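Chemist: To start, I am sharing the structure in question, which I have written as structure tokens.
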Amino acid sequence: MQRSVLWLLLFFVVQYISPTLCFSQTQTIALKPERLKVQPKGFFIIEVIDNRPVTSNIGKIWSRPQPLTAVLQGGTAPAIDNFLRRYFNPSQTDSLTPIILVIKELQVTEALIPPAKVSGTIRMNLGFETYREGKRTFLTSANASATYTRAGIAPEDIIEPQLRNLLENELKGFNKWFAQSVNVSDIFARNVTLILESDSLPPPSKADTLVYYNPKRPLIWQDFQGAPTVFNRWAAQVFTSFGFEARSAVKNRTLELRVKTKVWIDKTISWVRPDSKNDYVLDHEQLHFDVTRLTAERFRRKLQSMTFSVEDFSSEIQYQYLEFYRLHSQLQQQYDDETNHGINQGMQAAWAKKVRDELRSYGVLPSVK
């Protein structure tokens, strides 16, 4: 009977004393309701995320007779989030860029300096991200730290203002970074403007292996420098291709996408049999070149009709290029099949009219002998 009473007494002592002991081991720090001395320009903090391995506290501080665990009132991320919403964010945010503040490090460390002083260090590492197509996108990050010595001062009275000061400095630095980046970085671009550039190409020289398409300069037999193949009976063969160059720059949050197409033949693998050098054969090969230029023009107009996304404009162009390159190969094969490689003179004339009329409608005036 006596043992049972003793056990019950111990149970109640543990139940009613232990919470008091836990509370005494924690020091709560509340951020004071004071507006930061920095104003965000063009952005606001939409969310605070705590990415630290331990998120339950911000470190250990000295208080006799034992160290205390320092915590921000309400939790680290919620405390900073609520503070920034009230004392940093602008009142109207609809047209501003949402920024995610990521706490990578926030650590208070104190050491006792006998007999009665305490030295402390606060380290802060914040990352800044934004949402792009619903996904978090990293922007930049920064480190900051502060040291202090206290004696006879409550820890929260020196740690709290230091925390606000570090937070203010980090946001001041991001404010500057954002102002320098927002109008020139593709991360912040809101739309894409396509600019199709003309193909201003230099005239070919003898050392060039490629001949670029020039309406004022038709093919000549000197462009066919390859050796005739022994595997077919045709009089000549020209190897044409087309490609594009793309470069981009951001101005005032608009991504300017400049695209230039190029059409060429490779002289080193284009060939003609010595007994086949006449104007009719040369014009058949020239029309192969014209067909390639026509495909490039169609590719350009397809790009003009598109609305490009800021996030994926490069792959969108590449996809269209591959599609038109495939169509180019089909069109070249169709041309040779329907004209029987130029033997069918009636179909050859029909193809010449159709291709060159379409080129003229695009402002390209093919030079025909």
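The values are calculated or read from the model by the stated rules, or taken from the named source; none is laboratory data. None of the values given here were measured: they were computed from a predicted structure. Glycine gets a Cβ as well: all are built from the backbone with ideal geometry, and neighbour counts include every protein chain shown. With ligands, DNA and RNA removed, areas are computed over all heavy atoms of the protein, side chains included. Shrake-Rupley method; radii C 1.70, N 1.55, O 1.52, S 1.80 Å.
Chemist: How do the pairs read when you match residues in the range 126-143 that are in contact (Cβ under 8 Å) with a residue 24 or more places away in the chain with residues anywhere that are open to solvent by 30 Å² or more (accessible area, probe 1.4 Å) and among the aromatic types (Phe, Trp, Tyr), using Cβ under 6 Å and keeping only pairs 6 or more apart or on different chains?
Modeler: 129/138; 140/177
Chemist: Identify the residue in the range 205-235 that is outside any loop (DSSP other than H, G, I, E, B) and under 47 Å from the mean Cα position of the chain (by Cα) and, among all such residues, is surrounded by the most Cβ atoms within 10 Å (Cβ to Cβ).
Modeler: Here the residue is 211.
Chemist: Follow-up question, since we're still on this one. Here's a check for you: in the range 25-84, which residue that is among the polar types (S, T, N, Q) and open to solvent by less than 70 Å² (accessible area, probe 1.4 Å) is nearest to residue 174 (Cα to Cα)?
Modeler: Across the range 25-84, the extreme among qualifying residues is 76.
Chemist: In the range 301-317, what residues are surrounded by fewer than 18 Cβ atoms within 10 Å (Cβ to Cβ) and assigned to a helix (DSSP H, G or I)?
Modeler: Answer for the range 301-317, where residues must be surrounded by fewer than 18 Cβ atoms within 10 Å (Cβ to Cβ) and assigned to a helix (DSSP H, G or I): 301, 302, 304, 314, 315, 316.
Chemist: One residue is enough: does the range 140-155 have a residue meeting the conditions more than 18 Å from residue 108 (Cα to Cα), touching a strand residue (DSSP E or B) at 6+ places or on another chain (Cβ under 8 Å) and of a type outside the set (Asp, Glu)?
Modeler: Yes.
Chemist: Still on this structure, please answer the following. So, in the range 243-275, of the ones that are open to solvent by less than 20 Å² (accessible area, probe 1.4 Å) and among the small types (Gly, Ala, Ser), which residue ends up farthest from residue 355 (Cα to Cα)?
Modeler: 270
Chemist: For the range 110-141, name all the residues that are crowded, with 16+ Cβ neighbours inside 10 Å and touching a helix residue (DSSP H, G or I) at 6+ places or on another chain (Cβ under 6 Å).
Modeler: Within the range 110-141, 122, 124, 126, 128 meet the criteria.
Chemist: Another question about this same structure. Looking at 27, 92, 66, 73, which is the one that is polar (S, T, N, Q) and more than 18 Å from residue 156 (Cα to Cα)?
Modeler: On inspection, the qualifying residue turns out to be 92.
Chemist: Pull out all pairs, ordered by first then second residue, where Cβ-Cβ is under 8 Å, the residues are six or more apart or on different chains, the first lies in the range 341-364 and is open to solvent by less than 70 Å² (accessible area, probe 1.4 Å), and the second is at pLDDT 95 or above and among the basic types (Lys, Arg).
Modeler: That search, which allows pairs on different chains as well, returns 359/293; 362/301; 364/293.
Chemist: Still on this model: Considering the range 311-340 alone, what residues qualify as being on the phi > 0 side of the Ramachandran plot and in contact (Cβ under 8 Å) with a residue 24 or more places away in the chain?
Modeler: Scanning the range 311-340 gives no hits.
Chemist: Mind checking which pairs have a first residue in the range 251-280 that is within 16 Å of residue 313 (Cα to Cα) and modelled with pLDDT under 95 and a second that is open to solvent by less than 20 Å² (accessible area, probe 1.4 Å) and aromatic (Phe, Trp, Tyr), Cβ under 8 Å, 6 or more apart or different chains?
Modeler: 253/188
Chemist: Right, here's the next one. From 173, 226, grab the single residue that is free of Cβ contacts under 8 Å to residues at least 60 places away in the same chain and over 30 Å from residue 274 (Cβ atoms).
Modeler: Of the residues listed, the single one that is free of Cβ contacts under 8 Å to residues at least 60 places away in the same chain and over 30 Å from residue 274 (Cβ atoms) is 173.
Chemist: Given the structure, is residue 300 at pLDDT 95 or above, in contact with a Ser or Thr (Cβ under 7 Å, 6 or more places away or on another chain), of a type in the set (D, E, K, R) and within 22 Å of residue 353 (Cα to Cα)?
Modeler: The answer is yes for residue 300.
Chemist: Regarding the range 155-168, can at least one residue be identified that is under 22 Å from the mean Cα position of the chain (by Cα) and either open to solvent by 40 Å² or more (accessible area, probe 1.4 Å) or of a type in the set (Asp, Glu) (or both)?
Modeler: Within the range 155-168 (the criterion being under 22 Å from the mean Cα position of the chain (by Cα) and either open to solvent by 40 Å² or more (accessible area, probe 1.4 Å) or of a type in the set (Asp, Glu) (or both)), the answer is no, since none of the residues qualifies.
Chemist: Continuing with the same structure: Just to be sure before I move on: is residue 85 basic (Lys, Arg), modelled with pLDDT of 95 or more, outside any strand (DSSP E or B) and under 27 Å from residue 53 (Cβ atoms) in the structure I sent?
Modeler: The answer is yes for residue 85.
Chemist: Return the pair list, or none, for Cβ contacts closer than 6 Å from residues in the range 93-115 that are over 24 Å from residue 51 (Cβ atoms) and modelled with pLDDT under 95 to residues that are surrounded by fewer than 17 Cβ atoms within 10 Å (Cβ to Cβ) and not hydrophobic (A, V, I, L, M, F, W, C), at least 6 apart or on different chains.
Modeler: Once the first residue is over 24 Å from residue 51 (Cβ atoms) and modelled with pLDDT under 95 and sits in the range 93-115, its partners that are surrounded by fewer than 17 Cβ atoms within 10 Å (Cβ to Cβ) and not hydrophobic (A, V, I, L, M, F, W, C) give 111/119; 113/119.
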